[in-house]
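Enquirer: Next up is a structure, given as structure tokens.
The values are calculated or read from the model by the stated rules, or taken from the named source; none is laboratory data. None of these values were measured; they are calculated from a predicted model. Every residue, glycine as well, gets a Cβ built from its backbone with ideal geometry; the counts of neighbours run over all protein chains shown. To get the accessible areas, we keep the full protein, side chains included, count just its heavy atoms, and leave off ligands, DNA and RNA. Shrake-Rupley method; radii C 1.70, N 1.55, O 1.52, S 1.80 Å.
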Amino acid sequence: FNQFIEYPKYNLPTKYISILINQIILIYVGSCFDMDILGHLSLSVSLINYPFSLLAVSLGPVFLRRVRDSPDSETAPLIKKLYLLLTVILMPGVLVLMFGAETIFELFLGAQWGMSGLFASILAINLLPEIVFGVFGMLYQQKNKQKILLKTNLVFLILFGVLFLFARSEDWGILIVVWSFTILHLIRSIIRSVFIFIYYKLNFVIVLHIIL
């Protein structure tokens, strides 16, 4: 019975807070900048984040099924193997977006969308950590650690709110705003995954994840 209570008590608030955190930069830009800039940023978010999040959503349940079907002693090696595989496969694409998104957007969408490409190159910094958490984050539920995830999201919701207010009071430019929100997202993604790696004593993966 307690397992059924855990879902509405911890999982649902965590999901709603995550949605709010993921949209907060668009809320801020929509309230402080013109609609043209908001349109460029919205396109970047849509083309960069959503397709890659589908990859995490697809792999996550498969990984969780493997964990449930395997002895506990095999979970840590499985995490390490899949983490290294994801890094090797995704890192080249992430690097291309980080250093070439502006050119790619201008080439395929037209020169007027160069700003969207610039935003996309910044947002790409958080792609790999976000996908990693999307795959391994289901272990919070598997190990009944949803409360940790909820507390982490609450802390970062407050931090994003503080950043929101500070950026508005200082009248930051759009690039400083995008960089600041992306870096805070990056820290959040890394911390949420590191908790899992610590639980399974994967010190090598922790160091590699922080470096990358």
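Enquirer: Give me a count of the residues in segment 156-170 that are open to solvent by 100 Å² or more (accessible area, probe 1.4 Å) and either among the β-branched types (Val, Ile, Thr) or touching a residue at least 40 places away in the same chain (Cβ under 8 Å) (or both).
Expert: Matching residues across segment 156-170 total 2.
Enquirer: Test of understanding: among 183, 190, 196, which residue is surrounded by 13 or more Cβ atoms within 10 Å (Cβ to Cβ), free of Cβ contacts under 8 Å to residues at least 60 places away in the same chain and under 18 Å from the mean Cα position of the chain (by Cα)?
Expert: 183
Enquirer: For segment 37-77, what are the residues that are in contact with a Phe, Trp or Tyr (Cβ under 8 Å, 6 or more places away or on another chain) and open to solvent by 30 Å² or more (accessible area, probe 1.4 Å)?
Expert: Of everything in segment 37-77, just one residue is in contact with a Phe, Trp or Tyr (Cβ under 8 Å, 6 or more places away or on another chain) and open to solvent by 30 Å² or more (accessible area, probe 1.4 Å), namely 43.
Enquirer: Please verify whether segment 25-46 includes one or more residues that are farther than 18 Å from residue 118 by Cβ and modelled with pLDDT under 90.
Expert: no
Enquirer: Could you tell me whether segment 141-148 includes any residue that is in a helix (DSSP H, G or I), surrounded by fewer than 18 Cβ atoms within 10 Å (Cβ to Cβ), basic (Lys, Arg) and touching a residue at least 40 places away in the same chain (Cβ under 8 Å)?
Expert: Yes, that holds for at least one residue.
Enquirer: Within segment 92-104, can one find any residue that is within 15 Å of the chain's Cα centre (by Cα), open to solvent by 30 Å² or more (accessible area, probe 1.4 Å) and modelled with pLDDT of 90 or more?
Expert: Looking for residues that are within 15 Å of the chain's Cα centre (by Cα), open to solvent by 30 Å² or more (accessible area, probe 1.4 Å) and modelled with pLDDT of 90 or more, one finds none in segment 92-104, hence no.
Enquirer: Just for segment 139-170: of the residues that are of a type in the set (Ser, Thr, Tyr) and over 14 Å from the mean Cα position of the chain (by Cα), which one is farthest from residue 37 (Cα to Cα)?
Expert: 140
Enquirer: Same structure, new question: Return the residue satisfying two criteria in turn: it lies in segment 24-70 and is part of a helix (DSSP H, G or I) and hydroxyl-bearing (Ser, Thr, Tyr), and of such residues it is nearest to the chain's Cα centre (by Cα).
Expert: Looking at residues that are part of a helix (DSSP H, G or I) and hydroxyl-bearing (Ser, Thr, Tyr), I get 53.
Enquirer: For residue 90, indicate whether it is closer than 15 Å to residue 178 by Cβ and either without any contact (Cβ under 8 Å) to a residue 60 or more places away in the chain or not in a helix (DSSP H, G or I) (or both).
Expert: In short, no.
Enquirer: Another question, then. Any idea how many residues of segment 171-180 are assigned to a helix (DSSP H, G or I), open to solvent by 20 Å² or more (accessible area, probe 1.4 Å) and either closer than 19 Å to residue 34 by Cβ or of a type outside the set (Ser, Thr, Tyr) (or both)?
Expert: Residues that pass the stated criteria total 4.
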